Amino acid sequence: MTRISLTVDGAKVADDVEPRMLLVQYLRERLGKTGTVIGCDTSNCGACTVHLDGTSVKSCNVLAVQADGAEVTTIEGLARDGELHPVQESFRECHGLQCGFCTPGMIMQSVALLAENPRPSEEEIRLGLEGNLCRCTGYHNIVRAVQHAADSMDTPAAAPTGGLS
């Protein structure tokens, strides 16, 4: 067992973990962060995307011990004071989901994309979401949701309330 300490969604946690435990398993099984979805176990689908020290990562491809000392943000950590993050709200408003399985990873990757490029073109959005798969929507409404979020986050009254620091 290896002792790790990290901050998850603003809360400090410390735990003993098997060195081979994946971050996605730790988040779901030990911390109850079930919004981080296990989709493929091969890092192909992106459903398990979280932010690790401000960088978007597929948590099925990171060992929990690699997150020692880090700050992790999950889909549960985006909302602040009962208010959805602008990207979450845009996915809701623009119907950027169907079954919802890929949605947490899509939202987390979208937040990271908008942090890097606040005004992406449609092509840049599609490229930025390339590592996240959706089997239901055809991506049209997902792209619209990211564009809508970019527009809403562009106005001073709708500044981002969470996400990357």
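Things worth noting here:
- Residues whose amide H lies under 5 Å from that of residue 22, counting only those 5 or more places away or on a different chain, are 64; hydrogens are built 1.01 Å from N in the peptide plane.
- Residues 21, 153, 1 arranged by fewest to most Cβ contacts within 10 Å: 1, 21, 153
- Extension gain for residue 66 to residue 5 (0.36 nm times residue separation, less C-alpha to C-alpha distance): 20.9 nm.
- The label-point distance for residue 55 and residue 136, in a model that sets each label 7 Å from Cα toward Cβ, rounds to 3.2 nm.
- Amide H contacts under 5 Å for residue 70: 7, restricted to partners 5 or more places along the chain or on a different chain, H placed in the peptide plane at 1.01 Å from N.
- Gained length - residue 44 relative to residue 20, 0.36 nm times residue gap less alpha-carbon distance: 6.7 nm
No lab work stands behind these numbers, since they all come straight from the coordinates. These numbers were taken from a predicted model, which means no experiment stands behind them. Cβ: placed from backbone, ideal geometry, glycine included. Neighbour counts: every protein chain shown.
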